[in-house]
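Input: a single structure, listed below in C-alpha cells.
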Amino acid sequence: MTPRGLIKRNTFEKVTEWLISHSAFCFSLSKLLRKPMLGIDYVKEQSEVDADWLAHSWTDETRKNVTKSMQYLAEISRLLKEKNVKLVVTGVPFYHQYTGKLSSKPHLILKTTAKENGFLYLDSFQGLKKQIKVSKPGTYYWPEDPTHFNKAGNAIWADLQYNFLVNPNNKLLPTRLNSPIK
C-alpha cells in the first residue's frame, strides 16, 4: 500500500520482505542500510493504482474507497464518544500537495467528516502551508521521498500538533497543562 493506492511487488521485494520479517540479522541489516522509500513516485503507471486519493480527478473506485474509509472513521468516532474519549484527526500533508502536482482534497474530506461527526480536526495542510509552500523539496521532506517528513518536517508538524492539543479552546487537556510552545 502506498499513498497512491496498492502496487504489485516484484519477486525480489517479496523475498526481501520475507527475509526481514523472519531473520533478526536481515532485519538489523535492513535498518542499517535503509534509505527513505520512494513514496508516491514509486507508482510508475496508472494501472498500478488501486484507489488514488491524491489524484485531482477521482475515479468511481476512489470515491467508493474514500466513502468507505470515512464511514469507518465516523464509526470510530461514534464508539469513542460512547466511552467519553475525545478524538482529533489530522492528515499528513505531502510536499506535492503544496505544488499542485497532487490534490489536497483528502484534507478537505477529513475536515468535512470531522464536522459532520462532531470530532476535532487539525488541518495540518493549512497549518504548515506558509512554511512548506516556500521551501525546497528537501527542507521538510526526504529528498527521495516527498511524502515523509524528515527531522525538520517532523519538528514543525509536532509543534503544530502540540499547540493544537494544548489550546484551551479545543478543551482536550486539563487547564493546568495548557502552555503553547513559544
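The values are calculated or read from the model by the stated rules, or taken from the named source; none is laboratory data. What you see is a predicted model, and the numbers here were worked out from it, not measured in a lab. Every residue, glycine among them, receives a Cβ derived from its backbone with ideal geometry; neighbour counts consider all protein chains shown. In case anyone asks, the SASA skips ligands and DNA or RNA and just uses the protein heavy atoms, side chains included. Shrake-Rupley method; radii C 1.70, N 1.55, O 1.52, S 1.80 Å.
Annotations for the structure displayed:
- Selection from the stretch 140-182 of residues that are β-branched (Val, Ile, Thr), surrounded by 14 or more Cβ atoms within 10 Å (Cβ to Cβ), at pLDDT below 95 and under 17 Å from Leu128 (Cα atoms): Thr147
- Any hit, the stretch 91-109, residues being under 27 Å from Pro174 (Cα atoms) and either in contact with a Gly (Cβ under 7 Å, 6 or more places away or on another chain) or open to solvent by 70 Å² or more (accessible area, probe 1.4 Å) (or both): no
- Within the stretch 1-98, helices (runs of 4 or more DSSP H) holding 1 or more residues that are at pLDDT below 85 and within 26 Å of Asn150 (Cα to Cα): 11-22, 24-33
- All helices (runs of 4 or more DSSP H) inside the stretch 110-180 with 3 or more residues being of a type outside the set (A, V, I, L, M) and touching a strand residue (DSSP E or B) at 6+ places or on another chain (Cβ under 8 Å): 151-166
- The number of residues in the stretch 54-109 that are under 29 Å from Pro143 (Cα atoms), in contact with a strand residue (DSSP E or B) (Cβ under 6 Å, 6 or more places away or on another chain) and not polar (S, T, N, Q) comes to 4.
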